[in-house]
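See below for the structure under consideration.
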Amino acid sequence: MKTKQTGFTLIELIVVIGIIAILAAIVLVALSMAKKKSDDTGKIRALQEVRSALQLFNTDKGYYPPTANYRTDIINNKYITEINITGLKYIALPPYCTDTTCNSYHLGVSLENSNNNVLTVDKDSSNGFEGKSTNCGNVQSTIDTCYDIEP
């Protein structure tokens, strides 16, 4: 008398594990893109807050803070409580202006997703720093990840 064993064969188990691995990889890629979009949205919102603080500073003082001490000027004067943006770049204009002579600025931050739609409508100016670059640095790049604005 033969007894029939039931269960999964090794091949069936390997196929199931392979399918699960492929699905997990797809989910991880989607989560990674969602995290990049979320990080970029946070940077853009924080940049807009800094822009508002700079506008309030200008309304009260009649000029924008010089490049060297803009953070302390807008924080100490209570226009914003803190600036938590990694890689934020601010240039008061005209370049090398001093207190009361800064009449404009250029503000930017590097985004993680180079396909972000906001990169098509930003300033991309080279006034003070290169806006069409990978890190808002001084060198123009073929890949634009610098979201930059002026007043």
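The values are calculated or read from the model by the stated rules, or taken from the named source; none is laboratory data. This is a predicted model, so every value here is computed, not measured. In this analysis, Cβ positions are derived from the backbone assuming ideal geometry, glycine residues included, and neighbour counts consider all displayed protein chains.
Some points to look at:
- A search for C-beta distances below 9 Å between a residue of the range 55-72 that is among the aliphatic types (A, V, I, L, M) and any residue that is surrounded by 14 or more Cβ atoms within 10 Å (Cβ to Cβ) and modelled with pLDDT under 95, counting only pairs 6+ apart in sequence or on different chains, returns LEU56/ILE74; LEU56/ASN77; LEU56/TYR79; LEU56/ILE80; ALA68/ALA92.
- Scanning the range 68-86 for residues that are modelled with pLDDT under 90 and either surrounded by 14 or more Cβ atoms within 10 Å (Cβ to Cβ) or among the aromatic types (Phe, Trp, Tyr) (or both) returns ASN77, ILE83, ILE85.
- Hey, LEU54 buried (at least 16 other Cβ atoms within 10 Å of the Cβ) and either of a type in the set (Asp, Glu) or outside any loop (DSSP other than H, G, I, E, B) (or both) or not: yes
- Screening GLY131, GLY108, GLY62 for residues that are at pLDDT 90 or above, small (Gly, Ala, Ser) and under 17 Å from ILE44 (Cβ atoms) leaves exactly one candidate, GLY108.
- Every pair of residues 6+ apart whose Cβ atoms lie under 6 Å, when the first sits in the range 93-116 and is in contact (Cβ under 8 Å) with a residue 12 or more places away in the chain and farther than 14 Å from GLY62 by Cα while the second is among the acidic types (Asp, Glu) and surrounded by fewer than 18 Cβ atoms within 10 Å (Cβ to Cβ): HIS106/GLU150; GLU112/ASP39
- Single residue of the range 92-148 satisfying the filter (more than 20 Å from ALA68 (Cβ to Cβ) and among the hydrophobic types (A, V, I, L, M, F, W, C)) that is nearest to the chain's Cα centre (by Cα): LEU111
- Filtered residues of the range 103-131 (kept if surrounded by 20 or more Cβ atoms within 10 Å (Cβ to Cβ) and among the basic types (Lys, Arg)): none
- Being in contact with a strand residue (DSSP E or B) (Cβ under 7 Å, 6 or more places away or on another chain) and among the polar types (S, T, N, Q) holds for only one residue in THR67, THR41, THR9, THR72, and it is THR67.
- Only one of GLU82, GLU112, GLU130, GLU49 that is at negative phi, of a type in the set (Asp, Glu) and not in a loop (DSSP other than H, G, I, E, B): GLU49
- Once the range 9-53 is narrowed to residues that are hydrophobic (A, V, I, L, M, F, W, C) and within 30 Å of ALA92 (Cα to Cα), the residue that is nearest to the chain's Cα centre (by Cα) is ILE44.
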